[in-house]
Amino acid sequence: MNIAYFTCYVGPQLAKACGVEYKPVSGTIKSQGVARSLMAAGNNVTIFSPGVNYGHKIIKPFDEYITFPEGTLKVSYPYIYSYPRCTPLNNASLWFHIKKMARKERFDAFIYYNICDNSYLGSYIYLNLFKKAFRILEYEDSIFMKSLEGEKARFSWLTNRIYNYLIKRTDGLFAVCKGMYEEEPVKYKLLTPGIINEEVVDNVKVGCQHSLQPENPVRVFLSGGGEYYKGTDVLVKAFQYVKHPCLLEVFTSKDYFYSIASGEIKNIKPIHQVVIHDYIPHADLIKTLVDNADILVNTTRSFGLAPQSAGFPSKMMEYAAIGKPIVSSEIGKLNDDFDQHVTYYEGANPESLARCIDEVIENYPQKMAHALDLQQIALTQYTIKGTAIKMGAFFNEIQNNGKFR
């Protein structure tokens, strides 16, 4: 099948055109995983991306071709006005670009990424360009974002209107977590919580036992963005209560960290140390976590939404593949098979998080055994190859029921 895929993707040629170093962020890595799995399942894929808003240039339309083991991925860009606050303009530019392309090329399916944030306008205006295609929502984040604790929801009336419009015109669903999968009134569904690529697979140590060194502090690692919703401040606050000496290492934007959590460092117990690293290349990050971490932590806030309904951080699947004990907020829950191997804390509660870290330290051999069992699940079911098998079955079901227009 020929598949069109709307997502905000930044390839190496676009980064070069913007005059910046190519450092794919998590959104690009996640979209790349979906596209590669689709290609591994035997499909042709064209990504339509509105580009970036930080290059401070006007970039003419071009197509970028990126070769992977599964095939060649085509990424098509419109005129890009690469300046701050130009996202609506770039969405409009991409609409004309897609309309022109759709006259020349027939697409069997259209996948659109999310509804909220900057992408919702794109989803809203692009969907009717693919009336004859099977339309699939890639459901990544909470669509409503209307009950956020500590933050005021904006334009909820507009978000709801767009959501209702789109979901009525959506035929299939790729859902990132169980709650999103179960709640939506869409017949054809697939759970896609995370797709592990070779930067992870080639750098993990499968089945490798690991133990704590009593003479050294326990190394607790957190990777990912430092924004409020990532919960970095909760982790730093937790070290007011953790009983065992630890070295906390955070890999994030230092600007984000210091704006959100730096004020809490002075309150942590003196037995602990905190080290802040800036972003490093993804493969290097995985190697660092594999070689140096004792405990991996996910602190993403759920904002009061039900567990398994607000999303599933991609780092959780990477953590699972690494094979080290994981402590996570409830937003890292997936299903019973996955959840039984992870230690979860409640809400955005630093004391609950601290108790979980101490629990892992005090029961480390048992927690390590759980981590290695979870590693096998991740490397079997959630690699590009494993996801491709599920995607193949998903599209076969649709074709067998005669649902492609």
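The values are calculated or read from the model by the stated rules, or taken from the named source; none is laboratory data. What you see is a predicted model, and the numbers here were worked out from it, not measured in a lab. Please note: Cβ atoms are built from the backbone with ideal geometry, for glycine as well, and neighbour counts cover all protein chains shown.
Taking each residue of region 368-380 that is crowded, with 17+ Cβ neighbours inside 10 Å and looking for partners that are of a type in the set (Lys, Arg) with beta-carbon atoms closer than 6 Å, six or more apart or interchain, yields ALA371/LYS324.
Conditions (1) without any contact (Cβ under 8 Å) to a residue 60 or more places away in the chain; (2) farther than 15 Å from MET368 by Cα, marked per residue:
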position	(1), (2)
HIS272	yes, yes
VAL275	yes, yes
LYS287	no, yes
LEU296	no, no
LEU334	no, yes
ASP339	yes, no
GLU351	no, yes
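May I ask you to list the residues in region 279-302 that are in a loop (DSSP other than H, G, I, E, B) and over 13 Å from PHE221 (Cα atoms)? Hits for region 279-302 are TYR279, ILE280, PRO281, THR300, ARG301, SER302. For region 203-215, filtered to residues that are in contact (Cβ under 8 Å) with a residue 12 or more places away in the chain, of a type outside the set (Ser, Thr, Tyr) and surrounded by fewer than 20 Cβ atoms within 10 Å (Cβ to Cβ), the residue that is nearest to HIS282 (Cα to Cα) is ASN203. The requirement of being surrounded by fewer than 20 Cβ atoms within 10 Å (Cβ to Cβ) and not acidic (Asp, Glu) is fulfilled somewhere in region 325-340, by at least one residue. Can you work out which of the residues in region 72-92 that are in contact with a strand residue (DSSP E or B) (Cβ under 7 Å, 6 or more places away or on another chain) and either part of a helix (DSSP H, G or I) or outside the structural domain of SER37 (by TED's automatic domain parsing) (or both) is nearest to ILE29 (Cα to Cα)? Within region 72-92, the match that is nearest to ILE29 (Cα to Cα) is ASN90. Confirm whether LEU222 is closer than 19 Å to THR343 by Cβ and either within 18 Å of the chain's Cα centre (by Cα) or part of a helix (DSSP H, G or I) (or both). For LEU222, the condition - closer than 19 Å to THR343 by Cβ and either within 18 Å of the chain's Cα centre (by Cα) or part of a helix (DSSP H, G or I) (or both) - is met.
The strands (runs of 3 or more DSSP E) found entirely in region 26-71 include none that carry 2 or more residues being within 19 Å of the chain's Cα centre (by Cα) and without any contact (Cβ under 8 Å) to a residue 40 or more places away in the chain.
For region 240-261, the set of residues classified as touching a helix residue (DSSP H, G or I) at 6+ places or on another chain (Cβ under 8 Å), closer than 27 Å to SER26 by Cα and not in a strand (DSSP E or B) consists of THR252, TYR256, PHE257, ILE260, ALA261, listed by residue number.
The set of residues in region 270-301 that are surrounded by 13 or more Cβ atoms within 10 Å (Cβ to Cβ) and more than 27 Å from the chain's Cα centre (by Cα) comprises HIS272, GLN273. Of the numbered criteria (1) assigned to a loop (DSSP other than H, G, I, E, B); (2) in contact with a helix residue (DSSP H, G or I) (Cβ under 6 Å, 6 or more places away or on another chain), the one LYS189 fails is (1).
Among the residues of region 165-186, those identified as farther than 12 Å from TYR139 by Cα, among the charged types (D, E, K, R) and touching a residue at least 24 places away in the same chain (Cβ under 8 Å) are ARG169, ASP171. Considering (1) more than 24 Å from SER31 (Cβ to Cβ); (2) among the hydrophobic types (A, V, I, L, M, F, W, C); (3) touching a helix residue (DSSP H, G or I) at 6+ places or on another chain (Cβ under 8 Å); (4) at pLDDT 95 or above, the lone condition that LEU289 does not fulfil carries the number (1).
Residue count for region 314-373, restricted to those that are among the polar types (S, T, N, Q) and in a helix (DSSP H, G or I): 3.
Being in the same structural domain as SER329 (by TED's automatic domain parsing), in contact with a Ser or Thr (Cβ under 9 Å, 6 or more places away or on another chain) and acidic (Asp, Glu) is true for just one of GLU183, GLU227. Which residue is that?
Numbers: GLU183 fails: in the same structural domain as SER329 (by TED's automatic domain parsing).
Being in the same structural domain as SER329 (by TED's automatic domain parsing), in contact with a Ser or Thr (Cβ under 9 Å, 6 or more places away or on another chain) and acidic (Asp, Glu) holds for just one of GLU183, GLU227, which is GLU227.
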